[in-house]
Amino acid sequence: FFFFNDTATTEIYTEQIVGSVRCVQETATLRVWDIRTKAQVHVLEGHKHVVSTVITQEFEPQVVSGSHDCTVRLWDIGTGKSVEVLTNHKKSIRSMTFHPEEYTFCSGGSDNLKVWKCPEGRFLRNISGHNGIVNTVAVNTDNVLVSGGDNGILKFWDWKSGYNFQTIHSKPQPGSISSEAGIFSAIYDKSQMRLITAECDKTIKIWKEDETATPETHPIDPDFRVAFENQRF
């Protein structure tokens, strides 16, 4: 496990690029544009509420979108058609992320974090315990999943087991009110060792691994049990 502490600065992306095509979420639709000609290629329709997050894969013409209508949709941007609708979430979905090495992705809602298998969107497991509105999720090559919430809480999870091994409450900058503690976006840098967060108090923070952490200072809960086998939704 990697434990993080803050040290504080980059732009967080809300648009994803596949080759020469850019996908932009707009209300309940997604619009696909050729960035060379600036021509609109597709309008992806099907969501019933605001589309809050969209992710793509670099080498595959698949777009995944999450909406406040509580659904995840998988799209083929070659045809402009929705190929699958995932209805497991019961609360709105505000963020998603692909695993950098596995053929999987995670969607974040206030009910659960859910892990899915590509390309068909097969449900794999829930990661439960954030207990709040989840605005952002990110995962690195060391299988450290992080979720950031409206209440300023960052939770760090083991991707494989779903174990929450660290929780940090991000402190708003002096002069901010408590409601400005929310974490709006998070992304790992290219080294996969530092986490960058964009927060409601108008700050961007950079978090690094706590090099002093040991199994003694951060012991694993002996009562934790992996319980994915019986999860259906």
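Data for the structure
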quantity: Criterion: open to solvent by less than 30 Å² (accessible area, probe 1.4 Å), within 22 Å of VAL54 (Cβ to Cβ) and modelled with pLDDT of 95 or more - qualifying residue of ILE196, ILE187; calculated: ILE196
quantity: Restricting the stretch 83-115 to residues that are in a strand (DSSP E or B) and basic (Lys, Arg), the residue that is farthest from ASN140 (Cα to Cα); calculated: ARG94
quantity: So GLY149, is it over 17 Å from MET193 (Cα atoms), modelled with pLDDT under 95, among the small types (Gly, Ala, Ser) and buried (at least 20 other Cβ atoms within 10 Å of the Cβ); calculated: yes
quantity: Failed condition for THR167, given (1) β-branched (Val, Ile, Thr); (2) surrounded by fewer than 23 Cβ atoms within 10 Å (Cβ to Cβ); (3) modelled with pLDDT of 95 or more; calculated: (3)
quantity: Within the stretch 170-184, tally of residues that are under 11 Å from ASN151 (Cα atoms) and loosely packed, with under 15 Cβ neighbours inside 10 Å; calculated: 3
quantity: Hey, TRP33 over 12 Å from SER107 (Cβ atoms) and buried (at least 19 other Cβ atoms within 10 Å of the Cβ) or not; calculated: no
quantity: Test set (1) closer than 20 Å to ILE220 by Cβ; (2) open to solvent by 40 Å² or more (accessible area, probe 1.4 Å) - LYS202 fails condition number; calculated: (1)
quantity: Boolean, TRP157 is hydrophobic (A, V, I, L, M, F, W, C), open to solvent by less than 10 Å² (accessible area, probe 1.4 Å) and farther than 22 Å from VAL41 by Cβ; calculated: yes
quantity: Unmet requirement for THR10, which otherwise passes all of (1) in a strand (DSSP E or B); (2) at pLDDT below 85; calculated: (1)
quantity: Residue in the stretch 193-201 that is in contact with an Asp or Glu (Cβ under 6 Å, 6 or more places away or on another chain) and small (Gly, Ala, Ser) present; calculated: no
quantity: Single residue of the stretch 79-111 satisfying the filter (among the hydroxyl-bearing types (Ser, Thr, Tyr) and open to solvent by 60 Å² or more (accessible area, probe 1.4 Å)) that is modelled with the lowest pLDDT; calculated: THR79
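Okay, residues lined up against (1) over 15 Å from SER92 (Cα atoms); (2) hydroxyl-bearing (Ser, Thr, Tyr); (3) in a strand (DSSP E or B); (4) open to solvent by 40 Å² or more (accessible area, probe 1.4 Å):
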| position | (1), (2), (3), (4) |
| --- | --- |
| GLN40 | yes, no, yes, yes |
| LEU44 | yes, no, yes, no |
| HIS49 | no, no, no, yes |
| VAL54 | no, no, yes, no |
| SER65 | no, yes, yes, no |
| ASP69 | no, no, no, no |
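The values are calculated or read from the model by the stated rules, or taken from the named source; none is laboratory data. A quick note: this is a predicted structure, and the numbers were derived from the prediction, not measured. Virtual Cβ from ideal backbone geometry, glycine too; neighbours counted across all protein chains shown. The accessibility values were calculated without ligands, DNA or RNA, using every heavy atom of the protein model including side chains. Shrake-Rupley method; radii C 1.70, N 1.55, O 1.52, S 1.80 Å.
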